[in-house]
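The values are calculated or read from the model by the stated rules, or taken from the named source; none is laboratory data. From a predicted model like this one, the values you see are computed outputs, not experimental measurements. Here the Cβ positions follow ideal geometry from the backbone for every residue, glycine too, while neighbour counts run over all protein chains shown. Keep in mind that these areas ignore ligands, DNA and RNA; they rest on the heavy atoms of the full protein, side chains included. Shrake-Rupley method; radii C 1.70, N 1.55, O 1.52, S 1.80 Å.
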Amino acid sequence: MLFFLLIYILTLLLTSYYLSKANLFSPAVLAFFSFSFAVFFAILNTDYWRFKVSETTIVIIILGLFSFLLGAIPDFNRRFKIFDNPRIINVSNLKIGILLCISFAIYFFYQREILRIALFAGAASYDSSSDIMETYRSSMMFSGDPEAKINTWVNQGGNFLMVLSYVFLFIFCNNKTLGAKFRKNWKNLIIVVVFIFQSLSTGGRANVLAMIAAYLFFDFVLSCKYKKTSSKNQIKYYLTVLITVALSLWSFYLIREFIGRSTVDFNFREYISMYIGGSIPLLDNYILHPIKTAYNSFGEETFMGINDFIYKFYPKIIYKTNLEFRYSPNGYVLGNVYTPFRRYFHDFGWIGVAILPFCISFCY
């Protein structure tokens, strides 16, 4: 069944790649590429995890991905529109200095909030930074106490720092593509580095991986716009992407102890397989063993972020903050990433699986 699913996803991947005129960063191409990796790693670990995927799970994934492809059709004919008159963007040292001071202030207040929540959850002030990160993250994920949440203003400051980082990352890529020397361009990366350290201090790596993906995306789009692309350059770029992804995965594994993720001793293959391929058996486990909840929020899993925002003004709402962790049939931890289809199916059934992927793909 999984081999059939992999062939189906690869067919969608090649189709979307062709229709998008070899646009590697088309939403459909990215989605199908990610799912093909997930299914491939699930196949590699079928005997190791001792699971057998159900027909219902296969149909849910097939339906959801096909819906996503339909929503992406308008995107296939869209071309990148950047500057008509490309130019190097120069940000004065004074402006960078002011924004850097603001960034460091946000970083300081964020660290103070992390320590406050970790101490509230039972950590000791003399604990190592990795222990504090682990305690903080566990409290944020599983505690329903309002005291275990980042202050609203500090959280918005973190969002501002994230947006600022993407802006300066774009400026760096823009200037690099137009031939700016690194000795003059490196200052645009300072705020990006501050944001990376702030993200790692929360015990998470998703924002760092997203930043790497954004760099590849900016570099690809700007190169297509500003330079003449050839098949040789495209092959060189794809090799760069593969090498970057490989190094990112290795770094993802190596820093797990630093950010408090070393509670289970996995080797590299087991650890990466859990994150990349674990979503498939987890979705199947949920389909076979669904849970009943007592939440009163609309779209309790699909709209977690919205419900968290509503809670600030209407505390009577009972909403879910995270999905539960589950294990393989033989006891290996697989995490709590179930593919997006678990949320859609849980909240809206088959209609959600058929409609929501289309809406998301169309909006992209």
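Quick notes on this one:
The rows are residues; the columns are (1) part of a helix (DSSP H, G or I); (2) at pLDDT below 80; (3) out of contact with any Asp or Glu (no Cβ under 7 Å at 6 or more places or on another chain).
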| position | (1), (2), (3) |
| --- | --- |
| 83 | no, yes, yes |
| 91 | no, no, yes |
| 101 | yes, no, yes |
| 104 | yes, no, yes |
| 126 | no, yes, yes |
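- Taking the criterion of being without any contact (Cβ under 8 Å) to a residue 40 or more places away in the chain, over 26 Å from the mean Cα position of the chain (by Cα) and open to solvent by 70 Å² or more (accessible area, probe 1.4 Å), the residues of region 91-115 that qualify are 94, 95, 98, 101.
- Residue list for region 180-193, filter: in contact (Cβ under 8 Å) with a residue 40 or more places away in the chain and either surrounded by fewer than 19 Cβ atoms within 10 Å (Cβ to Cβ) or of a type in the set (Phe, Trp, Tyr) (or both): 180, 187, 190
- Filtering region 20-78 to residues that are in contact (Cβ under 8 Å) with a residue 12 or more places away in the chain, open to solvent by 20 Å² or more (accessible area, probe 1.4 Å), hydroxyl-bearing (Ser, Thr, Tyr) and assigned to a helix (DSSP H, G or I) leaves 46, 48, 56.
- Of all residues in region 195-221, exactly one satisfies the criterion of being among the β-branched types (Val, Ile, Thr) and open to solvent by less than 20 Å² (accessible area, probe 1.4 Å), namely 221.
- Within region 235-262, if we keep just the residues that are exposed (fewer than 12 other Cβ atoms within 10 Å of the Cβ) and among the β-branched types (Val, Ile, Thr), the residue that is modelled with the highest pLDDT turns out to be 243.
- Number of residues in region 326-364 that are over 21 Å from residue 307 (Cα atoms), free of Cβ contacts under 8 Å to residues at least 60 places away in the same chain and in a loop (DSSP other than H, G, I, E, B): the value is 1.
- Failed criterion for residue 3 (all others in (1) closer than 19 Å to residue 340 by Cβ; (2) in contact (Cβ under 8 Å) with a residue 24 or more places away in the chain; (3) among the hydrophobic types (A, V, I, L, M, F, W, C); (4) open to solvent by 40 Å² or more (accessible area, probe 1.4 Å) hold): (1)
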